[in-house]
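Taking it in order: structure first as structure tokens, then the write-up.
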Amino acid sequence: MGKTIIVTGGAGFIGGNFVYYMLNKYPDYKIICVDCLTYAGNLSTLKEALKNPNFRFEKLNICDKTGVKKLFEEVKPDIVVNFAAESHVDRSIEGPEVFVDTNIKGTQTLMEVCRELNIPRYHQVSTDEVYGDLPLDRPDLFFTETTPIHASSPYSASKASADLLVLAYCRTYKFPATISRCSNNYGPYHFPEKLIPLMIINALADKPLPVYGDGLNVRDWLYVEDHCKAIDLIIHNGKIGEVYNIGGHNEMANIDIVKLILKKLDKPESLITFVEDRKGHDRRYAIDPTKIHEELGWLPETKFADGIEKTIDWYLNHKDWWQEIISGEYQNYYEKMYGGK
Ligand code: NAD
Ligand code: TDX
């Protein structure tokens with residue numbers, strides 16, 4: 001029988017991609033998106049999903065326990081997948097408070113409602129950033145699920161706190177949850193404040209491409225659809241109480257990504273502008289995904305060369321989507337973050 005799945009944060013980048021992935025893969029499932037539409041949430045991302053009778057959107061804050069409980073009581077979800085979060089490291093450095101509210105308190109609120117209503121399954125979408133960073137001169141080191149938590153930014157500290165709460169709920173209340181910790185995603189609907197879309201959009205406008213510090217920081221990039229596939233496997237076949245790392249074994253220095261984007265768009269490298277470094281900037285992230293591969297058979301399918309091509313094409317073909325975003329409040333953000341740099 002078809003399941004009912006609540007997807008929180010489904011109007012954002014990864015949650016939105018997950019909504020489409022699940023609607024396509026499981027035509028007998030009902031997908032309900034809970035999202036309060038912060039600056040990062042866009043209903044236009046869900047335009048096609050809203051035409052699907054198996055999809056429903058609820059504008060709701062995950063910290064609003066009364067609202068969340070009323071909805072969960074009504075729809076009786078089989079699974080809750082929590083993507084909702086404040087997700088941008090730079091914003092967490094400027095204003096950490098909302099990160100504590102949404103990422104920690106919001107997670108606890110969702111779990112509490114699930115516990116009170118005996119919802120059978122909860123999944124927490126977390127990040128590799130909870131492990132802190134790795135040195136550039138030790139390419140043999142990777143994050144495994146047993147790497148100690150060592151968060152660097154207010155963002156990653158809030159995600160790590162939520163993870164600890166989820167694990168505590170599992171142990172104390174036998175709460176039926178899993179956690180996934182994924183590396184950097186890229187792909188369609190990625191909010192323009194993040195590295196890859198920002199560089200594509202600035203390059204298209206012949207604007208400077210702001211690279212933090214020396215540009216040698218390394219991230220492990222995964223095409224967003226591969227992340228969605230991993231979460232699908234975990235919510236259906238994962239073991240309760242377990243953490244699964246998800247990563248593409250695709251480490252790249254920021255500067256190399258930026259140069260690649262310029263080359264694909266036929267723009268000059270003179271657009272690259274080195275700016276002041278991010279405070280506390282993590283040097284390198286690299287995931288060891290052996291556990292999810294061996295237990296659940298997951299492997300990344302999209303090679304970076306193909307994924308970046310698809311992503312650039314998507315931004316070229318969906319100018320309406322991002323032009324609407326960057327014409328609003330985003331302008332103030334951009335001026336504040338990059339104006340003085
Ligand atoms: P995003 O910022 O694009 O989207 C977040 C969504 O959550 C938005 O739609 C926003 O409106 C919604 N939201 C925020 N606060 C809310 C609240 N209080 N109540 C209800 N909805 C709220 O984020 P993303 O990049 O899609 O990330 C999704 C999840 O994946 C996050 O938990 C993030 O920590 C995690 N993650 C992201 C990446 C990445 O590379 N982007 C990598 C690993 C893990
Ligand atoms: O203008 C920029 N210039 C620049 O050099 C921006 C926005 C970023 N960078 C650098 C900082 C990072 O080393 O690029 C790298 C990637 O930056 P982001 O896109 O901000 O991602 P990151 O900080 O690595 O975090 C992302 O991956 C892990 C997501 O935003 C998180 O939500 C996720 O948990």
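The values are calculated or read from the model by the stated rules, or taken from the named source; none is laboratory data. Predicted model, so just to flag it, every value in this text is computed and none were measured. Neighbour counts are summed over all protein chains in view; Cβ atoms, including those assigned to glycine, are modelled from backbone coordinates with ideal geometry. We work out accessible area using only protein heavy atoms, side chains counted, and drop any ligands, DNA or RNA first. Shrake-Rupley method; radii C 1.70, N 1.55, O 1.52, S 1.80 Å.
Applying a threshold of 24 Å to the alpha-carbon distances of 47/336; 264/303; 264/291; 207/264; 25/310; 47/264 flags 47/336; 264/291; 47/264 as lying beyond it.
An ellipsoid equivalent to segment 1-93, defined through the eigenvalues of its Cα gyration tensor, has semi-axes of 21, 16, 11 Å when rounded to whole angstrom and sorted largest first. Relative to the longest principal axis of the Cα atoms of the chain, the long axis of helix 254-264 lies at roughly 70 degrees. In segment 16-70, the alpha-carbon atoms span a convex hull of 82 Å³ per residue. Compared with the dominant Cα axis of the chain, that is its longest principal axis, helix 65-75 is turned about 70°. In degrees, nearest 10, range 0 to 90: what is the angle between the Cα axis of helix 107-116 and the longest Cα principal axis of the chain? Tilt relative to the chain: about 10 degrees.
Extension gain, residue 112 to residue 265, is 50.3 nm, computed as 0.36 nm per intervening residue step minus the present C-alpha separation.
If DNA, RNA and ligands are ignored and the probe is 1.4 Å, what is the ranking of 337, 22, 1 by accessible area, most exposed first? Write down the numbers at each step before the final one.
Values: 337 20, 22 0, 1 215 Å².
These residues rank, largest area first, as 1, 337, 22.
Note on segment 113-167: with neighbouring protein chains present and a 1.4 Å probe, carbon and sulfur make up 58 percent of its accessible heavy-atom surface. The mean accessible area for residues of segment 88-186, using a 1.4 Å probe and ignoring ligands and nucleic acids, is 40 Å² per residue.
Would you mind computing Rg(Cα) / (2.2 N^0.38 Å) for segment 158-270, counting N as its residues?
Working: Rg = 18.0 Å, N = 113, 2.2 N^0.38 = 13.3 Å.
Relative to the 2.2 N^0.38 Å estimate, segment 158-270 comes out at 1.35.
How about segment 214-256: which trypsin sites (Lys or Arg not before Pro) there are in a DSSP loop, with at most 12 other Cβ atoms within 10 Å of their Cβ?
Numbers: sites: 219, 229, 239; in loops: 239.
Qualifying residues, ordered by number: 239.
You can think of it this way: the chain between residue 37 and residue 137 has 31.9 nm of extra reach, that is 0.36 nm per residue less the Cα-Cα gap.
If you take the alpha carbon atoms of segment 227-341 and fit the smallest convex hull around them, that volume is 174 Å³ per residue.
Going Cα to Cα from residue 76, which lysines come in below 18 Å? Please leave out same-chain ones fewer than 8 positions away. Within the straight-line cut-off, residue 76 pairs with 3, 30, 59, 65. Taking amide H positions as modeled 1.01 Å from N, with prolines and chain starts lacking one, no residue 5 or more places away or on another chain lies under 5 Å from residue 54. These residues, 216, 23, go from largest to smallest accessible area, 1.4 Å probe, as 216, 23.
Adding -39500 (n - 2.57) for every DSSP H run of four residues or longer, then dividing by how many residues the chain holds, sets the calculated 222 nm ellipticity at -12000 deg cm²/dmol. On the principal axes of its alpha-carbon atoms, segment 84-235 has extents of 53, 35, 31 Å, going from largest to smallest. If you model segment 34-159 as an ellipsoid using its alpha carbon gyration tensor, with each semi-axis the square root of five times an eigenvalue, the axes come out at 30, 17, 15 Å, biggest first. Rolling a 1.4 angstrom probe over the protein heavy atoms with all chains in place gives segment 1-69 an accessible area of 44 Å² per residue.
In terms of the mean number of neighbouring beta-carbon atoms within 10 Å, the peptides 207-213, 9-15 order highest first as 9-15, 207-213. Per residue, the convex hull spanned by the Cα atoms of the chain measures out at 128 cubic angstrom.
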